[in-house]
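Working notes for the structure below.
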Amino acid sequence: MRFVLAASLALTFASPALADTLRGYAGLTLSPRGDRIAAIETAPGAKRAAIVVRDARSGQIVRSIDPCGTCSYSGLTFAPDGSLAWLARDRAAGTVTLSVDSAGKPHTIATVKGIAQAPRFSPDGSRIALLVTIGAAKESGAVQAGVRQIGEIGEANDEQRIAVFPVRGAAVSADAVKPVSPADRYVYEYDWTPDGRGFVVTSALGNGDANWWVATLDAVDAATGTVRTIARPATQINFPRVSPDGRTVAYIGGLMSDFGSVGGDVWTVPFAGGTPVDRTPGYKASVTSLAWTKAGLRGTTLAGANTTLVSFPDRGEGRVLWAKPVSLSAGDGRVAWSADGRIAAAVSQDFEHAPAILAGAPDALAPVTHDNDTARPIVTAKSVTWKSGGYDVQGWLLAPVGADPAKKAPMIVNVHGGPAAASTPGFMTADGQAADFINAGYYLFLPNPRGSYGQGEAFTAANKRDFGGGDLKDILAGIDAVERQAPVDDARLGLTGGSYGGFMAMWANTQTNRFKAIVAGAGLSNWVSYYGTNGINTWMIPFFGKSMYDDPAAYEKVSAINYIKQARTPTFIYVGERDIEVPPTQSIEYWNALKSQNVPTSLVIYPDEGHGIRQPDHVADLRKRLLAWFNRYLQPAAH
C-alpha cells in the first residue's frame, strides 16, 4: 500500500507541491534522436500547465502547446519521426482526446469517453496505441476513491484495455473506439513488439484494482486481440520491455506492495515463453525503471541514498553510469532515453534543490533549466545509516535551516507506506505541507527500514510474516543513530505515517511508549477484519504466504487491536470515506479501542476521499489538525 496522500509528510517528500515561485515539470519525454525534450510545465503563479518543447542541449524553449484552455495534459510521447503526441482530458465532458503534432500542425487522432493513458507509437510510427477505460466508474488505480458500495456490488469492474489508432486519417470518435485486447482482461502496462504486430503486457483477469499482485506476462496480437501467456512470474512485475530483436522480454520482478511503487531485480524470459531468469541475483539495490534501447538495457536503481543510472549486461549487477542522492522522474519511468541509449533526460530534485531538467550523456547528466536555481531550501538534509538486526539501514534526517545545534528539539518520525517503497528526496517549499513542522522547529526523520527498497530484494523481503517486528526495531535503532548526531529531545518524539505507515503508527502505540504523540493516516488496526473488507486483499498473499482464512494466527499476531491494552500514546486518526485500500472501518475500530482505554484520540473521516486526502479544503483542514496535535503533546520550543 503506497498511500498517495496530498497532505501527509509521506507525499510531501515523494512528490512535493510547488510554491507559486517555482516552475513545475511533469511527464517528461525525450525524442528518439535525443535532441528535444517535452514536458508538462507550470509557470510560477500559473493556475494551469502547458506542454513545453525544449532543445535538449541548451534547454531553450522551442515552442509551447496549449490547445485546450480547460484541459489537463498527460501522456507525452514522441514518434520515430519526431512528432509529439499527448492526451488532453476534459473532466467536464468526461472525455480524453489523443492528439499528435507534426511539423507544428496538431490534429486529433481519437476521443475516448472515459479515461486513457500511456500512448505509444508503433515502431514504424504509422499507428499509436493507448490504454483506455471506456465509461470509467472511477479514476485508475486502487489509491483513488472507490465507487460507492451500494446495490449489487462486485458484479461490474472497470476494464483497462489497449486500443490502436492510425496516425493518419480521420479522427476516431468516442463511439467508434474499439479496444483490441479482450474485455475480461485488465492491462496494466504494455510495450510494442519490434515488428509492430502486437504487444507484451502485464495483465490480470477481473478487478484491476485487486489483481495486479497476480498479474501475468502476456503477448497480445494487435490485429485479433488473441492473448498468449509468456510467463506467470512468482513475483510482482513492472516495466515489461521487449528486446530490439524481439526475442526476449525483460521486466522488473520483486516483492511489491502497490502498482506504481516499483523495486526489484531485472528478469528476462524468451518472448516465445519459458521460465524467467533473475539477471541480477543478490543485487544490493532496487531496480526502479527499465528501457531497452538499441545499445542494450538501461535502467535506474535506488541504492541506499543514491538514485543511479545503470547499463545492464546479460547477467550481473550492471555498470553504474551516474549516481546522486536525488529523485529522478520522467513520464515513462524515472528517466527518458533516446532510441540509441546515448542520451538521457529527467526531472531532478532533492531536499535542498528545487526541480530542474537534467539532460545529456548518461554519465554526464547536467541541468538544462535554471528557472528554480534561486529557490532557497528550508531544511538541511543528511543521509543517516545504521546497523540493525544484521542489516544496513538508511534514512533521511531533516533539520530546519539555521537550527541551533546546541538546543534540544522535538522530532517527528515519518514511516512511509508500502511497505515495499522508500522515502526519497523531494524539494520542500517554504509554504509546503512539511514546512508547517519545520517552521515550528521540528526535526523530521524518514527511515527506510527492512521491507523498503534500496538495499536489494533480500532486504525488501525481510519483513515477510514479520510486520511491525524487525522494521519497528530498525526504526527505533535509527532514532538512536539520529540522537547520536543531532540535538533531538528523546522526550519529545512524534510518529506519523500513512497506509502501511499508518499501521506502523497504530502498532507502535501498542509496542513502545517512546513516542509522545502519534498520527495514523488510513492505518490498519486489525488484519483479520481488514482481510475481508478491503478491495485489494490479494496483495497480502506474497507477504503472509497464505490467506487469512488459511492462516488466521499470522494475521492475528500483527494486529494492533489485540494489544490495545498496552496503548498509551495520544493518537490522531484520519482516513478517506471511499478508501478501498484501507477502508475507514479500520480507523473506526482503532479509535473505539483507544477510547475504551481512555487514551486521548480523535478521528476524522473526510468525505468522498480515497486512499489519500486531495481536496484543497480537506488538505487545509488536515494540515491544521496535524500541527495542532503534535504541538499539543510535544510542545516544541519557539523557532
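The values are calculated or read from the model by the stated rules, or taken from the named source; none is laboratory data. Note that the coordinates shown come from a computational prediction; the quantities given were computed from them, not determined experimentally. Using ideal geometry, Cβ is built from the backbone for each residue, glycine included, and neighbour counts are taken over all protein chains shown. Accessible surface is based on the protein model in full, side chains and every heavy atom, while ligands, DNA and RNA are left aside. Shrake-Rupley method; radii C 1.70, N 1.55, O 1.52, S 1.80 Å.
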* Asked: Just going by the charge dipole of region 115-209, with Lys and Arg at +1 and Asp and Glu at -1 on Cβ, which of THR133, GLY208, VAL172 is farthest out on the positive end?
  -> VAL172
* Structure fact -> Quick calc of log₁₀ I(q)/I(0), the chain, Debye, one scatterer on every Cα, no solvent, q values 0.10, 0.12 1/Å, result -0.90, -1.34
* Structure fact -> So the angle from the long Cα axis of helix 616-634 to the longest Cα principal axis of the chain, reported in degrees to the nearest 10, equals 30 degrees
* Asked: Among all the aspartates and glutamates, which ones have a C-alpha under 18 Å from LYS105's C-alpha, if same-chain residues fewer than 8 places away are not counted?
  -> ASP66, ASP81
* What is the spin-label model distance, in nm, from VAL62 to ARG319 if the labels are put 7 Å beyond Cα along the C-beta direction? -> 2.9 nm
* Alpha carbon Rg of region 155-280, scaled by the compact-globule rule 2.2 N^0.38 Å -> 1.08
* Take the solvent-accessible surface of the protein heavy atoms, probe 1.4 Å, and return the percent of it on region 446-598 that carbon and sulfur atoms account for. => 50 percent
* Give a quick list of trypsin sites (Lys or Arg not before Pro) in region 206-309 that DSSP marks as loop, anything other than H, G, I, E or B, with at most 12 other Cβ atoms within 10 Å. => ARG247, LYS294
* Probe 1.4 Å, all protein chains in place: accessible area of TRP386 in Å², nearest 10? -> 20 Å²
* Structure fact -> Close lysine pairs (region 503-639; alpha-carbon distance under 23 Å; 8 or more apart or on separate chains) counted at 8
* Asked: Can you list the lysines whose alpha carbon is less than 16 Å from that of LYS382, not counting same-chain residues fewer than 8 positions off?
  -> LYS324
* Taking all protein chains as present, what is the carbon and sulfur share of the accessible area of region 236-363, in % to the nearest whole number, probe 1.4 Å? -> 50 percent
* **Relative contact order (%) - region 240-344, alpha-carbon pairs under 8 angstrom, separation at least six** => 19 percent
* To do: Per DSSP H run of at least 4 residues, take -39500 (n - 2.57); add these up for the chain, divide by its residues and hand me the 222 nm value, nearest 500 deg cm²/dmol.
  => -4000 deg cm²/dmol
* Helix 585-596 versus the longest principal axis of the chain: what angle, 0 to 90°, nearest 10, using Cα atoms? -> 0 degrees
* Whole-number accessible area per residue in Å² for the chain, which is evaluated in the context of all protein chains at 1.4 Å -> 38 Å²
* **Sequence-distant aspartates and glutamates (8 or more away, or on other chains) whose Cα lies within less than 18 Å of LYS407** => ASP480, GLU483, ASP489, ASP490
